[in-house]
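These notes are about the structure you will find just below.
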Amino acid sequence: MRQRIEDYALIGDLMTCGLVGRDGSVDWLCLPRFDSAACFAALLGDRENGHWRIAPADAADDEQCTRRAYADGTLVLESHWDTGGGSVKVIDFMPQRDAAPELMRIVEGVSGRVTMRSTLRLRFDYGHVVPWVRRCGGNERVAVAGPDSAWFRSEPPVRTWGQAKSTRSEFTVAPGERVAFVLTWHPSHHARPEPIDPHEALEQTLADWRAWSDQCRYEGPYREAVTRSLVTLKALTYAPTGGIAAAATTSLPEEIGGVRNWDYRFCWLRDATLTLGSLLSTGFLDEARAWREWLLRAIAGDPADLQIMYGIGGERRIPEAELPWLRGYAGSAPVRVGNAAVNQLQLDVYGEVLDSLYLARSAGLPAERHGWRIQLALLDFLEQNWHRPDEGLWEVRGPRRHFVHSKVMAWVAADRAVRTLEGDPSQHGDTERFRAMRDAVHADVCEKGYDPDRNTFTQYYGSRELDAATLLIPRVGFLPPDDPRVIGTVDAVRAELGSSGLVRRYSTEGPSVDGLPGAEGAFLACSFWLADALHLTGREKEARELFERLLAVRNDVGLLAEEYDPAAGRQLGNFPQAFSHIGLVNTALTLGFDGGHPARPR
């Protein structure tokens with residue numbers, strides 16, 4: 001591991017994505033889907049686990065580009081290298097596709113004459129399998145191992161180095177010259193995909209992204225940050241189904257050298273309401289509709305079998321395994337694929353689902369005919385089970401407890417049912433029954449989840465620990481923002497979970513509720529929630545200062561991971577993280593609230 005997490009930038013084609021480092025190396029790429037095995041896994045091991053670097057021939061192994069940026073409104077990355085002999089630009093992108101995934105890299109001379117080097121090491125199955133590489137005429141190579149096959153096209157001559165198990169080329173570019181490389185994956189038993197022109201593909205990719213990002217309706221003071229976050233959310237969307245992956249990666253650590261390393265390349269129901277809110281409020285109705293439809297397909301079935309997460313296609317089985325041949329990012333082992341938390345009981349997801357579908361209906365998205373019947377079935381289950389302990393929002397791997405946030409979201413489920421029935425007489429359902437459930441949950445939480453001595457809601461019943469998820473209490477409408485218990489909770493969370501102005505999810509000191517050793521950084525989504533809560537409780541200046549501090553945490557191309565270590569000044573956790581970018585968009589909207597943003601109390 002040579003680079004920090006924030007040294008990477010994202011490229012993708014709406015079905016998968018890759019990470020490009022400041023050193024010009026693609027160190028992570030899963031093909032053909034977000035959750036497929038990686039063919040470049042240097043991010044979690046070393047370069048022998050697969051990577052593709054293009055950089056000046058005399059650049060040191062750890063040398064980084066001079067500057068880089070995305071082309072405005074796009075996911076096309078431009079990295080500039082200034083050398084003693086001149087300057088070049090490397091353009092990295094993945095065209096939005098109908099068939100085979102393709103990674104394209106174009107080197108363009110800017111000034112002088114610069115000799116460049118391309119070094120490609122393909123390693124299938126997360127860096128475990130070295131493919132057989134053969135020449136196919138001209139400057140083409142094909143790499144095959146088991147089910148995987150990749151075609152490599154290069155405009156300059158290439159040479160395959162057997163001892164280093166790599167494919168290399170050196171070439172010189174002058175001002176205005178462009179040299180292109182294309183890597184195309186397809187199943188090894190299929191015929192070779194028809195090659196496309198990379199220069200034409202670049203122009204089409206720029207046009208596609210700009211046509212999409214130009215739809216953004218947000219015109220506030222943080223437009224650049226909001227647009228970049230929305231492009232990132234779009235990039236994490238699996239176009240065939242509308243599902244949104246929580247992150248592009250697996251096993252980037254919450255603590256360097258620690259064991260808190262998880263696979264986030266799946267879709268979490270907990271993201272549903274916040275994602276819909278950000279998409280609906282910024283004008284992306286097609287994406288909101290696709291996400292809502294993915295949600296309805298995923299949750300269809302027995303309410304008792306509702307999962308907290310699903311595959312990007314709606315798959316239910318996400319078995320967890322460890323990859324012992326990868327040493328982990330910065331030695332943070334184990335590397336995990338799949339996620340065993342899929343089998344946990346998290347009662348808050350029932351509230352997330354009903355809240356998101358209520359929000360979609362309120363925003364004018366046409367209701368699915370079967371959607372209300374599914375919601376009634378979920379409510380029937382929740383009515384009988386909301387009083388049970390669960391693993392909670394944060395997927396703790398310790399004992400089940402009566403988490404306050406889970407109970408609050410059970411209240412949300414009943415509340416949204418009542419509001420739906422009151423607002424739409426055509427829907428059938430027992431309003432009084434759901435109103436009684438709502439009142440019972442509310443009373444239970446206020447009695448058992450609130451510490452009157454400290455004037456704060458706690459993490460779980462009977463506990464003195466705090467949880468940043470309680471910052472959402474005013475946002476979901478459980479209590480009004482001016483309620484003294486809300487203000488006390490905001491102040492307590494900021495004081496006890498604060499970390500250099502940001503906040504952690506919960507305390508990991510002493511016997512931790514999550515059953516894991518070690519610590520973690522400040523959780524960025526929770527820090528955005530704190531900014532929202534400060535705004536809602538009338539502390540506008542403090543809310544804006546915190547939001548701008550969070551904007552400064554972004555990397556040079558506007559991306560956020562899951563967490564941040566204020567002491568080391570570095571990002572932590574899977575990257576880029578949808579939850580963090582959703583938080584950014586919603587807080588920007590909240591700070592510029594004009595009466596229509598659904599992040600306000602409902």
Self-check item: Residue match in the stretch 340-362 (condition: of a type outside the set (A, V, I, L, M) and farther than 27 Å from Arg416 by Cβ)
Solution: no
Quiz item: Does Ala495 fit the bill of being among the aliphatic types (A, V, I, L, M), without any contact (Cβ under 8 Å) to a residue 24 or more places away in the chain and farther than 23 Å from Pro389 by Cα?
Solution: yes
Quiz prompt | Checking Lys234 against (1) among the basic types (Lys, Arg); (2) more than 18 Å from the chain's Cα centre (by Cα); (3) surrounded by 19 or more Cβ atoms within 10 Å (Cβ to Cβ), the condition it does not meet | solution = (2)
Quiz item: Which residue out of Ala60, Ala41 is more than 29 Å from Trp212 (Cα to Cα) and without any contact (Cβ under 8 Å) to a residue 24 or more places away in the chain?
Solution: Ala60
Quiz prompt | Residue ID - nearest to Arg67 (Cα to Cα), chosen from residues in the stretch 28-51 that are of a type in the set (Phe, Trp, Tyr) and in a strand (DSSP E or B) | solution = Trp28
Exercise. Sort through Leu345, Leu326, Leu359, Leu295 and tell me the only one that's in a helix (DSSP H, G or I) and more than 21 Å from the chain's Cα centre (by Cα).
Key: Leu359
Self-check item: Flag for Arg289 being out of contact with any strand residue (DSSP E or B) (no Cβ under 7 Å at 6 or more places or on another chain) and in a helix (DSSP H, G or I)
Solution: yes
Quiz item: Which residues, taken from the stretch 93-132, are surrounded by fewer than 24 Cβ atoms within 10 Å (Cβ to Cβ) and either assigned to a loop (DSSP other than H, G, I, E, B) or not assigned by TED's automatic domain parsing to the domain that holds Gly12 (or both)?
Solution: Pro95, Gln96, Arg97, Asp98, Ala99, Ala100, Arg113, His128, Val130, Pro131
Self-check item: Leading residue by the ranking (farthest from Pro576 (Cα to Cα)) among those in the stretch 209-228 that are in contact with a Ser or Thr (Cβ under 8 Å, 6 or more places away or on another chain) and not in a loop (DSSP other than H, G, I, E, B)
Solution: Arg210
Quiz item: Residues Ala492, Ala561: which one is surrounded by fewer than 24 Cβ atoms within 10 Å (Cβ to Cβ) and either of a type in the set (S, T, N, Q) or modelled with pLDDT of 95 or more (or both)?
Solution: Ala492
Quiz prompt | Top-ranked residue of the stretch 564-597 - restricted to ones that are closer than 23 Å to Arg270 by Cα, of a type outside the set (Gly, Ala, Ser) and in a loop (DSSP other than H, G, I, E, B), ranked as modelled with the lowest pLDDT | solution = His597
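Go through the stretch 12-27 and report how many residues are part of a loop (DSSP other than H, G, I, E, B) and hydrophobic (A, V, I, L, M, F, W, C).
Looking only at that region, the number is 2.
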Quiz item: For the stretch 65-86, how many residues are touching a residue at least 24 places away in the same chain (Cβ under 8 Å), part of a strand (DSSP E or B) and over 26 Å from Trp212 (Cα atoms)?
Solution: 3
Quiz item: Which residue, of Val493, Val513, Val486, is assigned by TED's automatic domain parsing to the domain that holds Glu562, outside any loop (DSSP other than H, G, I, E, B) and within 19 Å of Glu563 (Cα to Cα)?
Solution: Val493
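The values are calculated or read from the model by the stated rules, or taken from the named source; none is laboratory data. Only a predicted model underlies this, so the values are computations on that prediction, with no experimental measurement involved. Don't worry about glycine lacking a Cβ; one is built from the backbone with ideal geometry, like all the others, and counts go over all protein chains shown.
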